[in-house]
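Visitor: Before I ask anything, let me first share the structure, which is written out below as structure tokens.
The values are calculated or read from the model by the stated rules, or taken from the named source; none is laboratory data. Since we're looking at a predicted model, the values are computed, not measured. Neighbour counts run over all protein chains shown; Cβ positions are idealised from the backbone, glycine included. To get the accessible areas, we keep the full protein, side chains included, count just its heavy atoms, and leave off ligands, DNA and RNA. Shrake-Rupley method; radii C 1.70, N 1.55, O 1.52, S 1.80 Å.
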Amino acid sequence: MNRLGRLACRWLLLLGLVGSPAGADETLHFPATPGSAPGASLVVHGALDLPQMRPLLAGFHREHPDLEVRYRNLTTLALHERFLARPDEADVLLSSAMPWQYRLANEGHARALESPAARRWPAWARWRQELFAFTFEPIVMVVNEAVIERFGEVGSHADLLALLERHAEALRGRVVTYDPATSGAGYTYAIEESRLSPRYWDLVAALGQADTALADTTGEMLEGLIEGRYLVGYNLLGSYARERLADQPQLRIVVPEDYALVTQRLALIPRQAPHPAAAARFLDYLIGETGQALLARETPLGAIHPAVEGPGTATSLRQARGEALRPITLGPGLLATLDDLKREALLTRWQREFSRRGAR
């Protein structure tokens with residue numbers, strides 16, 4: 001493994017973006033209809049599980065049956081390394097590792113998509129014409145109804161801070177959030193919130209005062225909430241929570257009303273894509289109204305297209321929350337995630353504030 005590969009491995013492991021090896025190399029295949037032109041193909045590599053990709057690809061293939069479509073599901077690390085080793089293998093890359101996707105585009109690895117759909121795509125959800133966010137996934141809190149019944153509504157970060165400051169003993173060990181030292185999601189959200197909120201560090205101290213449990217994944221937090229080990233979860237990925245908690249009426253998903261970070265999955269067409277015309281058709285579908293409506297209807301990921309409505313979509317959430325929604329910006333700031341000195345400084349302060357409970 002070269003130096004860049006080792007750096008990628010180190011950071012993606014620290015960022016919590018590397019999944020388990022089991023099932024990491026899964027595939028989907030949709031053959032072209034008989035009589036289609038030889039070699040008419042589309043190859044998509046993504047860090048997105050088959051249950052979410054299958055309906056999207058099936059819908060695309062119904063519209064383009066002349067194309068043979070192959071999808072390979074990889075971990076974010078494997079996807080990134082495979083692209084660096086073979087930049088002419090895939091036609092489209094899909095990944096939730098926003099800093100790494102941005103870096104690829106910023107370093108000239110992405111082909112521009114010049115189409116009406118691309119030009120109409122919201123400016124906040126694309127970088128130039130090369131990198132496109134296609135999901136809208138708010139970061140949420142999950143609160144057990146027993147907490148609300150006893151202490152009142154928890155609808156914002158300010159409410160959570162007040163709850164923790166007033167009732168730290170009652171909630172001791174019953175709150176859970178990401179560990180920013182071991183989870184990239186937690187680290188990314190910590191960077192963004194420290195910029196957004198002047199009271200963020202007070203909240204970190206209050207989490208420490210309540211002896212908050214630290215986890216590496218949203219799945220781990222949801223498991224503890226469902227089992228009743230935790231009563232409050234802070235900064236969970238909303239799309240996963242919607243899916244897992246559909247049959248858990250005792251747990252309420254809260255999109256904070258003061259501000260709510262929104263993360264996105266990013267798509268790009270490699271400059272050396274073997275089938276660039278097919279790639280352009282697929283990306284147009286992915287950000288078009290038909291593909292986005294299917295994404296909203298058949299996955300928990302959340303659609304961005306302004307014409308698509310329904311639970312979890314950008315349209316419905318903006319109608320309800322307005323400017324409180326804060327999508328993570330597609331731009332040079334993403335590269336801060338990859339900077340050793342900035343990471344060390346933020347984590348040092350986070351640990352200091354979280355540990356202030358020991359001095360009280």
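Visitor: For E309, indicate whether it is within 24 Å of W201 (Cβ to Cβ) and without any contact (Cβ under 8 Å) to a residue 40 or more places away in the chain.
Guide: Spelling it out, it is not the case that E309 is within 24 Å of W201 (Cβ to Cβ) and without any contact (Cβ under 8 Å) to a residue 40 or more places away in the chain.
Visitor: Let me ask something else. If we keep just the residues of the range 116-162 that are within 25 Å of A190 (Cα to Cα) and free of Cβ contacts under 8 Å to residues at least 40 places away in the same chain, which is most open to solvent (accessible area, probe 1.4 Å)?
Guide: Among residues in the range 116-162 that are within 25 Å of A190 (Cα to Cα) and free of Cβ contacts under 8 Å to residues at least 40 places away in the same chain, the one most open to solvent (accessible area, probe 1.4 Å) is E153.
Quick grid of which residues meet (1) open to solvent by less than 40 Å² (accessible area, probe 1.4 Å); (2) charged (D, E, K, R); (3) at pLDDT 95 or above:
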residue	(1), (2), (3)
D25	no, yes, no
D66	no, yes, no
P99	yes, no, no
Y102	yes, no, no
H109	no, no, yes
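Visitor: Let me ask something additional. Which of the residues that make up the range 222-237 are open to solvent by less than 10 Å² (accessible area, probe 1.4 Å) and either in contact with a Leu (Cβ under 9 Å, 6 or more places away or on another chain) or of a type in the set (S, T, N, Q) (or both)?
Guide: Within the range 222-237, the subset open to solvent by less than 10 Å² (accessible area, probe 1.4 Å) is 222, 224-225, 232-234, 236.
Once the filter is applied, which keeps residues that are open to solvent by less than 10 Å² (accessible area, probe 1.4 Å) and either in contact with a Leu (Cβ under 9 Å, 6 or more places away or on another chain) or of a type in the set (S, T, N, Q) (or both), the range 222-237 yields L222, L225, V232, G233, Y234, L236.
Visitor: Among the numbered criteria (1) within 26 Å of I191 (Cβ to Cβ); (2) open to solvent by 10 Å² or more (accessible area, probe 1.4 Å), which one does D284 miss?
Guide: Checking D284 against (1) within 26 Å of I191 (Cβ to Cβ); (2) open to solvent by 10 Å² or more (accessible area, probe 1.4 Å), the one that fails is (1).
Visitor: How many residues are modelled with pLDDT of 85 or more, within 23 Å of T329 (Cβ to Cβ) and assigned to a helix (DSSP H, G or I) if we restrict to the range 68-97?
Guide: Of the residues in that region, 2 qualify.
Visitor: Kindly provide the set of residues from the range 238-277 that are among the aliphatic types (A, V, I, L, M), part of a helix (DSSP H, G or I) and without any contact (Cβ under 8 Å) to a residue 40 or more places away in the chain, ordered by number. Spell out how you get there, then give the answer.
Guide: Step one: list which residues in the range 238-277 are among the aliphatic types (A, V, I, L, M), which gives 241, 245-246, 251, 253-255, 260-262, 266-269, 273, 277.
Applying the additional criterion that residues be part of a helix (DSSP H, G or I) yields 241, 277.
Of everything in the range 238-277, just one residue is among the aliphatic types (A, V, I, L, M), part of a helix (DSSP H, G or I) and without any contact (Cβ under 8 Å) to a residue 40 or more places away in the chain, namely A277.
Visitor: Check whether at least one residue in the range 173-196 is part of a loop (DSSP other than H, G, I, E, B), in contact with a Phe, Trp or Tyr (Cβ under 8 Å, 6 or more places away or on another chain), modelled with pLDDT under 95 and not aromatic (F, W, Y), and report yes or no.
Guide: Quick first cut of the range 173-196, residues part of a loop (DSSP other than H, G, I, E, B) only: 173-174, 179-183.
Going one step further and asking which of them are in contact with a Phe, Trp or Tyr (Cβ under 8 Å, 6 or more places away or on another chain), we end up with 174, 180-181.
Checking which are modelled with pLDDT under 95 leaves us with 180-181.
Restricting the remaining residues to those that are not aromatic (F, W, Y) gives 180-181.
Yes; the residues of the range 173-196 include at least one that is part of a loop (DSSP other than H, G, I, E, B), in contact with a Phe, Trp or Tyr (Cβ under 8 Å, 6 or more places away or on another chain), modelled with pLDDT under 95 and not aromatic (F, W, Y).
Visitor: Could you tell me which numbered condition D179 fails, if it satisfies all but one of (1) in contact with a strand residue (DSSP E or B) (Cβ under 6 Å, 6 or more places away or on another chain); (2) open to solvent by less than 20 Å² (accessible area, probe 1.4 Å)?
Guide: (2)
Visitor: Would you confirm whether any residue within the range 197-215 is closer than 17 Å to G173 by Cβ, in contact (Cβ under 8 Å) with a residue 60 or more places away in the chain and assigned to a strand (DSSP E or B)?
Guide: Within the range 197-215, not a single residue is closer than 17 Å to G173 by Cβ, in contact (Cβ under 8 Å) with a residue 60 or more places away in the chain and assigned to a strand (DSSP E or B).
Visitor: Out of the residues in the range 46-64 that are open to solvent by 10 Å² or more (accessible area, probe 1.4 Å) and either of a type in the set (S, T, N, Q) or at pLDDT 90 or above (or both), state the one that is nearest to A267 (Cα to Cα).
Guide: So the residue we want is Q52.
Visitor: Follow-up. Out of (1) within 23 Å of G152 (Cβ to Cβ); (2) modelled with pLDDT under 95, what's the single condition that is false for T218?
Guide: Of the numbered conditions (1) within 23 Å of G152 (Cβ to Cβ); (2) modelled with pLDDT under 95, the odd one out for T218 is (1).
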